[in-house]
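Bear in mind that the values in this text are calculations on the coordinates, not laboratory data. Because the structure is predicted, anything quoted here is derived from the model rather than measured. Please note: Cβ atoms are built from the backbone with ideal geometry, for glycine as well, and neighbour counts cover all protein chains shown.
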Amino acid sequence: MSMLSLLFPKRCVLCREHLPLAGGAMLCAACQTVVRREYRQTDEVRVRGADDAAAALRYTGAVRRALVRYKFQHYKSYARWFAAQTAPVLAAHLKTWQPDALTYVPTGWLSRRMRGYDQSGYVAAMLGAQFGLPVVPLLHKRSFARKQSRLRGSERAYNAARAYRMRPNRDAQGKRLVLVDDVLTSGATMAVCVQLLRGAGASAVFALAVTKTPR
């Protein structure tokens, strides 16, 4: 084993096993098989108010643990893998959605400062670069809003309604937008954001989640 691989080991995004430094693979062979068999999102996806909705992966098991590392443990490089998993889903809908731009469900200022990045915005930026679509930050989240993951049922809807607003002097007049989020659970957050974008003039809003909680 080289000194470089000892100092900077490359690991599988899901199982954390060592990978060869050469090449661009982010999963080991075993996890590639598991993703195809267990983690592809196949359930119907609905978000209230959205013209259509889709998701790439099931938010469970190793995928859930990987997303937690990406969001909370500074594994910023994981964005590339999550974007790669989401890109085929967006590609499959481009003909019918015909988006003008991507936007995203933002994290609060404090969380973004602590992480150094906005997890949904970073994935959206990679998708935008791949498909030649602008990524427009239209929404703002209050920094001290309660975390959705700690709430249940109607609490999520109430909290989301208070947590998000349009950014000042931004509108979406006449735009067909894809709204990107990292995790779709109850759909309350995305529904509120869809409503805000429509209120700002968007002609169509499509919800695209990197992961979705299984039914």
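Positive end of the dipole of region 1-144, charges at C-beta (+1 Lys, Arg; -1 Asp, Glu), about the Cα centre: which of Met114, Thr42, Cys12 has its Cα farthest in that direction?
Comparing the listed Cα positions along the dipole, Met114 ranks first.
What list of ³J(HN,Hα) values in whole Hz, one per residue of region 52-69 in order, does the Karplus curve 6.51 cos²θ - 1.76 cosθ + 1.60 (θ = phi - 60°) give from phi, with Gly and Pro shown as x?
Taking θ as phi minus 60°, the curve returns 6, 8, 8, 9, 9, 10, 7, 7, 7, x, 5, 5, 4, 5, 5, 5, 4, 4 Hz for region 52-69.
So which lysines pass the test for Lys95, namely a Cα distance under 24 Å, with those fewer than 8 places away in the same chain ruled out?
Reachable lysines: Lys175, Lys212.
Provide the gained length on full extension for the span Met114 to Lys95, in nm with one decimal, where the gain is 0.36 nm per separating residue minus the Cα-Cα distance.
Details: separation 19, 0.36 × 19 = 6.84 nm, distance 3.78 nm.
Full-extension gain reported as 3.1 nm.
In a shell of Cβ-Cβ distance under 15 Å around Thr103, excluding Thr103 itself, what net charge do Lys and Arg (+1) and Asp and Glu (-1) give? Intermediate results must be reported in sequence, preceding the final value.
On the way: positive: Lys141, Arg165, Arg167, Arg170, Lys175, Arg176, Arg198; negative: Asp51, Asp100, Asp118, Asp171, Asp181, Asp182.
Net local charge, Thr103 excluded: +1.
What 222 nm value per residue comes from the helices of the chain, counting each DSSP H run with n ≥ 4 as -39,500 (n - 2.57) and dividing by all residues, nearest 500 deg cm²/dmol? It would help to have the intermediate numbers written out before the result.
Numbers: 8 runs with 86 residues, N = 215.
Value at 222 nm, helices only, nearest 500: -12000 deg cm²/dmol.
Over the Cα atoms of the chain, Rg to Rh with Kirkwood Rh, two decimal places?
So for the chain, dividing Rg by the Kirkwood Rh gives 0.98.
Amide H of Ala55 versus every other amide H placed in the peptide plane: which residues, excluding those fewer than 5 positions away on the same chain, fall under 5 Å?
Here Ala209 satisfy the definition.
With only alpha-carbon pairs counted, each pair once and no self-pairs, how large is the Kirkwood hydrodynamic radius of region 100-140 in angstroms?
10.5 Å
Please give the net charge around Gln41, taking every other residue with its beta carbon less than 15 angstrom from that of Gln41, where Lys and Arg add +1 and Asp and Glu add -1.
Local charge sum for Gln41: +2.
Within 10 Å of each candidate Cβ there may be at most 16 other Cβ atoms; applying that plus a DSSP loop requirement, which GluC sites (Glu not before Pro) in region 10-83 survive?
Numbers: sites: Glu17, Glu38, Glu44; in loops: Glu17, Glu44.
Counting only loop positions with at most 16 other Cβ atoms within 10 Å, the GluC sites (Glu not before Pro) in region 10-83 are Glu17, Glu44.
Would you mind telling me which residue in Asp118, Asp181, Asp43 has the biggest mean-square fluctuation in a Gaussian network model of the chain, where springs connect alpha carbons within a distance under 10 angstrom?
Asp43
Given region 1-101, what whole percent of its Cα pairs are spread farther than 21 Å? Kindly include the intermediate steps, with their values, before the conclusion.
Values: 2192 of 5050 pairs.
Roughly 43 percent, once rounded to a whole number.
Report the charge-dipole magnitude of the chain in Debye, nearest 20, computed about the Cα centre from +1 at each Lys and Arg Cβ and -1 at each Asp and Glu Cβ.
With only Lys, Arg, Asp and Glu charged at Cβ, the dipole is about 740 debye.
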